[in-house]
Amino acid sequence: LFVTMVYFKKEQPDVAIALGVFSVITVMGETSMLFMMFAAIYLCYRKDFAVKYLFYFMLSGVVNMGVKGVFDRPRPYTQSGVLDVRHTTGHSFPSGHSQNIAIQSTMIGKEYCKIDKQFKHRLWVIIALAVVCVLVGLSRIYLGQHYLTDVLAGLTLGVTLMILFNFIATKIPER
């Protein structure tokens, strides 16, 4: 990535800036970021919520791997003419980063709405989380890792899984 950015900085500075910005944004959907969020939630908020957060991500990851295996879609950078900025292994459909950020945003948004009862605050948090989801999805497309349909499927799958997980959680009696 660094070599690519240096090349574009000389040849096309606007592309180098976009590569840098989208490379930072895409990190928000990576598994390492999810584990950092888990640690922060565990240490600073509520341990039970942190454990649920981690469990939902593990389940989501299993679903994502299964769906990727079924569809076996190659990534865009394997096609001629698409720049390979961040070489990623594995299949393209659905976008794991988009699915991750959708689950994370849905879960955090739901939890925030339980805490803050002011509609105006809730609205701004939900809008901010939605913008982050869109930006992560766009970063995956810009960096040549996914097609638009991969990103849309990842976002949809992430939100759908959160709804399903929450529904199942309401049916399980608490100890």
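The values are calculated or read from the model by the stated rules, or taken from the named source; none is laboratory data. Nothing here was measured: the structure is a model prediction, and the numbers come from that model. Note: ideal-geometry Cβ built from the backbone for every residue, glycine included; neighbour counts use all protein chains shown. When the accessible area is computed, the model is the full protein with side chains, heavy atoms only, and any ligands, DNA or RNA have been set aside. Shrake-Rupley method; radii C 1.70, N 1.55, O 1.52, S 1.80 Å.
Annotations for the structure displayed:
- The residue pairs whose first member lies in region 86-107 and is farther than 23 Å from L54 by Cα and of a type outside the set (S, T, Y), whose second member is open to solvent by 20 Å² or more (accessible area, probe 1.4 Å) and at pLDDT 90 or above, and whose beta carbons are closer than 7 Å, counting only pairs six or more residues apart or on different chains, are H91/K68; H91/F71.
- Selected residue (criterion: modelled with the highest pLDDT) from residues of region 1-34 that are among the charged types (D, E, K, R) and part of a helix (DSSP H, G or I): D14
- The listed residue being within 30 Å of L123 (Cβ to Cβ), modelled with pLDDT of 85 or more and out of contact with any Asp or Glu (no Cβ under 9 Å at 6 or more places or on another chain), out of M58, M37: M37
- Yes/no for R122 being under 24 Å from D48 (Cα atoms), loosely packed, with under 15 Cβ neighbours inside 10 Å and either modelled with pLDDT under 95 or touching a Phe, Trp or Tyr at 6+ places or on another chain (Cβ under 6 Å) (or both): no
- When Y112 is tested against (1) farther than 22 Å from F55 by Cα; (2) surrounded by fewer than 16 Cβ atoms within 10 Å (Cβ to Cβ), just one condition goes unmet, and that condition is (1).
- On the stretch given as region 123-175, residues that are among the polar types (S, T, N, Q) and either part of a loop (DSSP other than H, G, I, E, B) or touching a strand residue (DSSP E or B) at 6+ places or on another chain (Cβ under 9 Å) (or both) total 1.
- Candidate set: region 131-153, residues that are within 22 Å of M58 (Cα to Cα) and at pLDDT 90 or above; chosen: the one surrounded by the fewest Cβ atoms within 10 Å (Cβ to Cβ): L152
- Screening S92 against (1) surrounded by fewer than 21 Cβ atoms within 10 Å (Cβ to Cβ); (2) modelled with pLDDT under 90; (3) out of contact with any Gly (no Cβ under 9 Å at 6 or more places or on another chain); (4) over 21 Å from G20 (Cα atoms) leaves a single unmet condition, (1).
- Qualifying residue in region 68-86 (condition: under 17 Å from L138 (Cβ atoms), hydrophobic (A, V, I, L, M, F, W, C), modelled with pLDDT under 90 and buried (at least 17 other Cβ atoms within 10 Å of the Cβ)): yes
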